[in-house]
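K.L.:
Below is the structure I would like to discuss, written out as structure tokens.
The values are calculated or read from the model by the stated rules, or taken from the named source; none is laboratory data. Just so it is clear, the model here is predicted, and its values are computed rather than measured. Methodologically, a virtual Cβ is constructed for each residue, glycine included, from the backbone with ideal geometry; neighbour enumeration extends over all protein chains shown. Keep in mind that these areas ignore ligands, DNA and RNA; they rest on the heavy atoms of the full protein, side chains included. Shrake-Rupley method; radii C 1.70, N 1.55, O 1.52, S 1.80 Å.
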Amino acid sequence: MTDVSARLLAGVADVPRDQWDACAGGGNPFVSWDFLSALEQSGSVGEGTGWQPLPLVIDGADGRIAAAAPLYAKSHSQGEYVFDHGWADAWERAGGRYYPKIQIAAPFSPVPGPRLLLRDAAMAPALIAGIETLVERNRLSSAHATFIAADEVALFEAAGWLIREDSQFHWTNRGYGDFADFLADLSSEKRKNIRKERARAVEGLDIVHLTGSDLTEAHWDIFWEFYQDTGARKWGQPYLTRAFFSLLGERMADKILLILALRDGRAIAGALNMIGADALYGRYWGCNAEVPNLHFELCYYQAIDIAIARGLSRVEAGAQGGHKLARGYAPEPTWSAHHIPDPGFRRAVADFLAAERRGVQQDRQWLVQRTPFKKGE
């Protein structure tokens, strides 16, 4: 390959939309120009947030962007869902400065997908090398690509990055015609439990699905209240601004599915999903009234209904949540990649990751044996 040069920009919004999306592809909404620029223009990332956008791009011979990475300079480790606080503590106890670090990610979105956005696949090594050069020239502690796509693992490994493995719970569509088909795959006890759970959750409620032009600012006002409450309880303060949801509605309405639970015409709970090329992504949930099992209904069962109706292959319902297992969501591997220039620090992290990986794989095997699907019934 001839020599290529990478350049940093002040934000994804500075990149022509068509050129960024030609690299990102259309399958994963979280790396699209619309999503990432909405984060910037709404103030959800940028000054004062600890997420400074620095997208890295490589120009092709035709003058258009051939490769890009959604890159951020981070002054903390919040909103990442791949926890490196222990690494930061160890490095700083040893006299180093862990922050700022480089993060290649879809902010606040624990959604696996491409982090090396390639119109020209041959540019992958150059894009990774550009990230490494940025780290080393600025004497930064590290770079981290989180929730990378499965086919990117080998690319990062070939460049010498350390690979971290974890698990997420996903639901897989096995060609079901409807929810009853899915239930037929489960043990009889689990089928009964889920039917009861669903019936109790929606008693006295109306469930509505909103997408495209059905979404209005009034709906975003309602959901913002739900999101603020959940964000305050989980993170201390919400990551996203109110303006973000308006921009999302303006730019990506056809890729949004908002599910609301109504009691006497008033919304009491909601779940926000993003629609990908072959997956439904559950992202945010909130409520202003406690209803047993309503969270499971809106976030998990309704999502399954939608995926079946739309012919999507899977539902990715976000990070953590062992309670998803009993509801037909099985553990799937996820990966992140880490560039650590300091040899001693790299060795220590590599040893930690090797031990952690064994535990993660053992836990996943244990969980797979406890899914609700029939086992010789």
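K.L.:
Are any of the pairs 190/255; 324/375; 192/324; 196/375; 324/374; 255/375 more than 25 Å apart by Cα-Cα distance, and if so, which?
P.N.:
Violating the 25 Å limit, Cα to Cα: 190/255; 255/375.
K.L.:
What whole-number distance in Å separates the alpha-carbon centres of region 213-290 and region 345-377?
P.N.:
32 Å
K.L.:
Also, quick follow-up: Run the dipole for the chain about the Cα centre, Lys and Arg Cβ at +1, Asp and Glu Cβ at -1, nothing else charged, and hand back the magnitude in debye, nearest 20.
P.N.:
My answer is approximately 1000 debye.
K.L.:
Taking just the alpha-carbon atoms of the chain, what radius of gyration and Dmax come out, in angstrom?
P.N.:
21.4, 66
K.L.:
Placing +1 at every Lys and Arg Cβ and -1 at every Asp and Glu Cβ, with all other atoms neutral, what dipole size does region 229-343 have around its Cα centre, in debye to the nearest 20?
P.N.:
I would put it at about 160 debye.
K.L.:
Continuing with this model, one more query. Say the dipole of region 231-312 comes from +1 at the beta carbon of Lys and Arg and -1 at that of Asp and Glu; which of 303, 277, 249 then lies farthest toward its positive end?
P.N.:
Result: 249, furthest along the dipole toward the positive end.
K.L.:
Helix 343-368: angle to the longest alpha-carbon principal axis of the chain, degrees 0 to 90, nearest 10?
P.N.:
The answer is roughly 20 degrees.
K.L.:
Taking Cα pairs under 8 Å and at least six residues apart, what relative contact order does region 208-291 come out at, in percent?
P.N.:
32 percent
K.L.:
Rounded to the nearest whole Å², what accessible area per residue is found for the chain with the 1.4 Å probe?
P.N.:
44 Å²
K.L.:
To the nearest 20 debye, what charge dipole does region 16-106 have about its Cα centre, counting +1 at the Cβ of each Lys and Arg and -1 at the Cβ of each Asp and Glu?
P.N.:
Using Cβ point charges on Lys, Arg, Asp and Glu, region 16-106 gives about 240 debye.
K.L.:
By how many degrees, 0 to 90 and rounded to 10, does the Cα axis of helix 217-235 deviate from the longest principal axis of the chain?
P.N.:
70 degrees
K.L.:
Right, here's the next one. Per DSSP H run of n ≥ 4, the term is -39500 (n - 2.57); total these for the chain, divide by its residue number, and report the mean residue ellipticity at 222 nm rounded to 500 deg cm²/dmol. Don't skip to the answer; put the middle values down first.
P.N.:
Numbers: 11 runs with 131 residues, N = 377.
Estimated from H runs of four or more residues: -11000 deg cm²/dmol.
K.L.:
For the chain, which whole percent of the accessible surface, found with a 1.4 angstrom probe, sits on carbon and sulfur atoms?
P.N.:
Numbers: 7960 of 16400 Å².
Exposed carbon and sulfur together represent 48 percent of the surface.
K.L.:
Follow-up. For residue 74, list the lysines whose Cα falls under 18 Å from its own Cα; do not include residues on the same chain fewer than 8 positions away.
P.N.:
101
K.L.:
Moving on to the next point. Under the rule of at least 5 residues apart or a separate chain, name every residue whose amide H is placed under 5 Å from the amide H of residue 167.
P.N.:
Amide H to amide H, under 5 Å and 5 or more residues apart or across chains, residue 167 pairs with 334.
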